[in-house]
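Visitor: This is the structure, below, for whatever I ask next.
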Amino acid sequence: GQSLEQPSEVTAVEGAIVQINCTYQTSGFYGLSWYQQHDGGAPTFLSYNALDGLEETGRFSSFLSRSDSYGYLLLQELQMKDSASYFCAAERRDDKIIFGKGTRLHILP
Amino acid sequence: DTAVSQTPKYLVTQMGNDKSIKCEQNLGHDTMYWYKQDSKKFLKIMFSYNNKELIINETVPNRFSPKSPDKAHLNLHINSLELGDSAVYFCASGSRGHNEQFFGPGTRLTVL
């Protein structure tokens, strides 16, 4: 089947670094996206990986290993405003997009 | 100016009714989507239109019918609403070949 697995919850301390993992099982896999969603808000795009390796955008980085069907989102210098849900999403060659169930990130002061 | 807008923001209705949700994007994108997010926050794609043509139609009851009058609009009509249809519905837009999708603010549908 088509599925993405990510932890349901992660807790970290303000100022620290946290990594949210995502493993996928998707036929016709093309690339992996990450979205952030605050409570009551809409998902907003964070980053995308089509090739193996690390993509860096400010405090956020995303990594992909196609051979391991694995990716992660790395958040550095955590701020309280980073408390949100984070979704990985697999894009397929037929344009279909499958979202993971989301990881709720709790940040402690 | 809002990039992707949806109306209404909240919709409360009785079982069995028919309702519509409207979506408009002013980003010039050629592809629009409808997603359903349930109470467990699971986000699932329902439909995708590219240049007014349906390209993705996931396993969704045929009570749900999308309509795209032009590239900038994708409306969702729901017939005979059921309790299980209660969710937040998000419209999104993007360009084929570009991975980023822009989401609308969502429509919270509550079926009583």
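The values are calculated or read from the model by the stated rules, or taken from the named source; none is laboratory data. Because the structure is a prediction, the values reported are computed rather than measured. With ideal geometry, Cβ positions are generated from the backbone for all residues, glycine too; neighbour counts draw on all protein chains shown.
Visitor: Scan region B:37-48 and report the pairs whose first residue is facing another protein chain (nearest Cβ under 7 Å) and whose second residue is of a type in the set (F, W, Y), with Cβ atoms within less than 6 Å and a gap of 6+ or a chain change.
Guide: Listed by first residue and then by second, the contacts come to B:L43/A:F99; B:L43/B:Y35; B:I45/B:Y35; B:S48/B:Y33.
Visitor: Restricting to region B:56-112, what's the tally of residues that are within 25 Å of B:N17 (Cβ to Cβ) and not in a strand (DSSP E or B)? Before you say what the answer is, go through the steps one by one.
Guide: Taking region B:56-112 and keeping what is within 25 Å of B:N17 (Cβ to Cβ), we get B:57-69, B:73-91, B:104-112.
Still in the running and not in a strand (DSSP E or B): B:58-63, B:79-86, B:104-106, B:112.
Result for region B:56-112: 18.
Visitor: So, one more: What number of residues in region A:58-90 are assigned to a strand (DSSP E or B) and either under 22 Å from A:T11 (Cα atoms) or modelled with pLDDT of 95 or more (or both)?
Guide: Count: 18.
Visitor: Looking at the structure I just gave you, is A:A50 of a type in the set (A, V, I, L, M, F, W, C) and either surrounded by 18 or more Cβ atoms within 10 Å (Cβ to Cβ) or more than 10 Å from chain B (Cβ to nearest Cβ) (or both)?
Guide: For A:A50, the condition - of a type in the set (A, V, I, L, M, F, W, C) and either surrounded by 18 or more Cβ atoms within 10 Å (Cβ to Cβ) or more than 10 Å from chain B (Cβ to nearest Cβ) (or both) - is not met.
Visitor: For region A:53-75, which residues satisfy the criterion of being surrounded by fewer than 14 Cβ atoms within 10 Å (Cβ to Cβ), in contact with a Ser or Thr (Cβ under 9 Å, 6 or more places away or on another chain) and not β-branched (V, I, T)?
Guide: Of everything in region A:53-75, those that are surrounded by fewer than 14 Cβ atoms within 10 Å (Cβ to Cβ), in contact with a Ser or Thr (Cβ under 9 Å, 6 or more places away or on another chain) and not β-branched (V, I, T) turn out to be A:G53, A:L54, A:E56, A:D68.
Visitor: Here's another thing I want to ask about it. Restricting the search to region A:62-109, which residues are among the basic types (K, R), within 11 Å of another protein chain (Cβ to nearest Cβ) and touching a Phe, Trp or Tyr at 6+ places or on another chain (Cβ under 9 Å)?
Guide: A:R92, A:K101, A:R104
Visitor: Continuing with this model, one more query. Working only within region A:5-47, note down all residues that are of a type in the set (A, V, I, L, M), within 14 Å of another protein chain (Cβ to nearest Cβ) and more than 22 Å from B:C91 (Cβ to Cβ).
Guide: A:L32
Here's the yes/no breakdown for (1) free of Cβ contacts under 8 Å to residues at least 24 places away in the same chain; (2) farther than 11 Å from B:W34 by Cβ; (3) in contact with a Gly (Cβ under 9 Å, 6 or more places away or on another chain); (4) surrounded by fewer than 16 Cβ atoms within 10 Å (Cβ to Cβ):
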site: B:E53; (1), (2), (3), (4): yes, yes, no, yes
site: B:I56; (1), (2), (3), (4): yes, no, no, no
site: B:P66; (1), (2), (3), (4): no, no, no, no
site: B:K71; (1), (2), (3), (4): no, yes, yes, no
site: B:I78; (1), (2), (3), (4): no, no, no, no
site: B:V88; (1), (2), (3), (4): no, yes, yes, no
site: B:G94; (1), (2), (3), (4): no, yes, no, no
site: B:G104; (1), (2), (3), (4): no, no, no, no
site: B:T107; (1), (2), (3), (4): no, no, no, no
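Visitor: Restricting to region A:18-55, what's the tally of residues that are of a type in the set (D, E, K, R) and either in a loop (DSSP other than H, G, I, E, B) or in contact (Cβ under 8 Å) with a residue 60 or more places away in the chain (or both)?
Guide: Filtering region A:18-55 for residues of a type in the set (D, E, K, R) gives A:39, A:52, A:55.
Applying the additional criterion that residues be either in a loop (DSSP other than H, G, I, E, B) or in contact (Cβ under 8 Å) with a residue 60 or more places away in the chain (or both) yields A:39, A:52.
Going through region A:18-55 one residue at a time, the tally reaches 2.
Visitor: Same structure again: Would you be able to tell me the number of residues in region B:12-44 that are modelled with pLDDT under 95, more than 20 Å from A:G40 (Cα to Cα) and in a strand (DSSP E or B)?
Guide: Selection size over region B:12-44: 2.
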